[in-house]
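Pasting in a structure now, in structure tokens, and then I'll have a few things to ask.
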Amino acid sequence: MAEHHDHEHHHAQPLSRIEEALKKYNLDINDEEVKEAVKKIIAEKVPENDTQEVKRFLMGSVELTTLKTTDSETSVMAFTEKVNKFEEAYPTLPHVATICVYPRFARVVAETLEVEGVEIACVSGSFPSSQSLIEVKTIETQLAIKDGATEIDIVLPVGSMLEGDYETVVDEIQQQKEACGEHDMKVILETGMLKTAKNIKTASILSMYAGADYIKTSTGKEMPAATPEAAYVMCQAIKEYYDETGIMIGFKPAGGLNSVMDALIYYTIVKEVLGEKWLTNKYLRLGTSRLANLLLSEVIGEEVKFF
């Protein structure tokens, strides 16, 4: 594409810079090989992580999420109160890492939340489609932060990505990262729409290059959502990026985490590909609405519907 437009396109320079950056990474990856590698990890490594200790840890990595059309100030306040009450009810268990809501509820969460160390994440930038104008996306992000968001989750411009317009992808992510200031930003790749391992790896590298602090699998609004294969490819990208730059990027599987086993599989992939350093509730987050109760039930040993 680029060479045809050089004469009329003053952006030719950054494109070659992006291509230079991508050249440092192995993008020649095969979907079948990824499938086999994941199958092997699940068969051989997951059982050893099926422990109370790991489940307790995972509870502390949960981003407790409500992103419903029916959310209201009242429902989000009640949702936040559950996190406050959890600390009283289960003082020996780790509290969730994050409460994740739409930007209009950042203030309600900030005013209601009493627990130290719980982040307030907002999905921003025209979630889940990422199809508004970049000016609207950055303003939405700035307003969410002004109202109390401590983290921002944006969606990669998937259409631009699939078209090979990496310049737009990088530019939009950079602008939104600027709008975040010093706050952490997660870039949602919507891996189900990217289809191939190569696309997922490329999108991961572009997002990190453009300033993502975390890469996240899915919005949960499109199917398929998170898959172990996508997670494996993303973790490989994080590892290569770390080897290249020395920067640790966080990983967040989200969407379709329906069972404790799902969580254990993602934990194991992170452990096998990235290693122990990533097994903290800063670098591994799980975006989910239903998993918190399931993990809690397994840790306590009876069915609990707390959240």
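Calculated from DSSP H runs of 4 or more alone, at -39500 (n - 2.57) each and per residue, what is the 222 nm mean residue ellipticity of the chain, nearest 500?
It lands at -15000 deg cm²/dmol.
Sticking with the crude label model, points 7 Å out along Cα→Cβ, report the distance from Asp165 to Glu303 in nm, one decimal please.
5.0 nm
By how many degrees, 0 to 90 and rounded to 10, does the Cα axis of helix 228-245 deviate from the longest principal axis of the chain?
Computed tilt is about 60 degrees.
Given the Cα-Cα distance of Gln131 and Ser259 and 0.36 nm per residue of separation, how much length would full extension add, in nm?
Taking Gln131 through Ser259 to full extension adds about 43.0 nm, to one decimal.
Considering the chain as a Gaussian network with a 10 Å cut-off on Cα pairs, which listed residue, Val83, Val270, Val136, attains the greatest mean-square fluctuation?
Judging by the Gaussian network model, the answer is Val136.
Kindly report the accessible area of segment 140-226 per residue (heavy atoms of protein chains, probe 1.4 Å, no ligands, DNA or RNA), in Å².
Accessible area per residue, segment 140-226: 33 Å².
Follow-up question, since we're still on this one. Step through the table entries Lys82/Lys271; Lys277/Lys305; Lys195/Lys239, compare each Cα-Cα distance with 26 Å, and write down the pairs that go over it. Please list the in-between numbers first.
Numbers: Lys82/Lys271 30 Å; Lys277/Lys305 32 Å; Lys195/Lys239 21 Å.
Going by Cα-Cα distance, Lys82/Lys271; Lys277/Lys305 fall outside the 26 Å limit.
If you average the C-alpha positions of segment 49-107 and of segment 148-194 separately, how far apart do those two centres end up, in angstrom?
24 Å
What distance in nm lies between label points placed 7 Å from Cα along the C-beta direction at Lys195 and Asn26?
2.5 nm
Something else: So if each residue of separation counts as 0.36 nm, and I subtract the Cα-Cα distance between Val115 and Lys221, what length gain in nm does that give?
35.3 nm
For the chain, give the magnitude of the charge dipole about the Cα centre (Cβ charges: +1 Lys/Arg, -1 Asp/Glu; no others), in debye to the nearest 20.
It works out to roughly 600 debye.
A follow-up question, please. Carbon-plus-sulfur fraction of the accessible area of the chain, 1.4 Å probe, in percent?
On the chain, the fraction of accessible area on carbon and sulfur atoms equals 50 percent.
Note the angle between two axes, namely the Cα long axis of helix 73-89 and the longest principal axis of the Cα atoms of the chain, as a number of degrees from 0 to 90, rounded to the nearest 10.
60 degrees
Output the 0 to 90 degree angle, nearest 10, between the alpha-carbon long axis of helix 31-44 and the longest principal axis computed from the alpha carbons of the chain.
Relative to the chain, helix 31-44 is tipped by roughly 20 degrees.
Under a 1.4 Å probe, what is the accessible area of segment 228-307 per residue, stated in Å²? Mind dumping the intermediate values first?
Working: 3050 Å² over 80 residues.
Per-residue value: 38 Å².
Something else: With respect to the cross-link table entries Lys39/Lys68; Lys137/Lys216; Lys177/Lys201; Lys23/Lys252; Lys68/Lys186, which display a Cα-Cα separation exceeding 22 Å? Intermediate values should be presented prior to the final figure.
Values: Lys39/Lys68 33 Å; Lys137/Lys216 18 Å; Lys177/Lys201 20 Å; Lys23/Lys252 25 Å; Lys68/Lys186 20 Å.
Pairs exceeding 22 Å: Lys39/Lys68; Lys23/Lys252.
The values are calculated or read from the model by the stated rules, or taken from the named source; none is laboratory data. Values in this document were obtained by computation on a predicted structure and should not be read as measured data. Neighbour counts are summed over all protein chains in view; Cβ atoms, including those assigned to glycine, are modelled from backbone coordinates with ideal geometry. The protein model used for the area step is the full one, side chains on, heavy atoms only, and it has no ligands, DNA or RNA in it. Shrake-Rupley method; radii C 1.70, N 1.55, O 1.52, S 1.80 Å.
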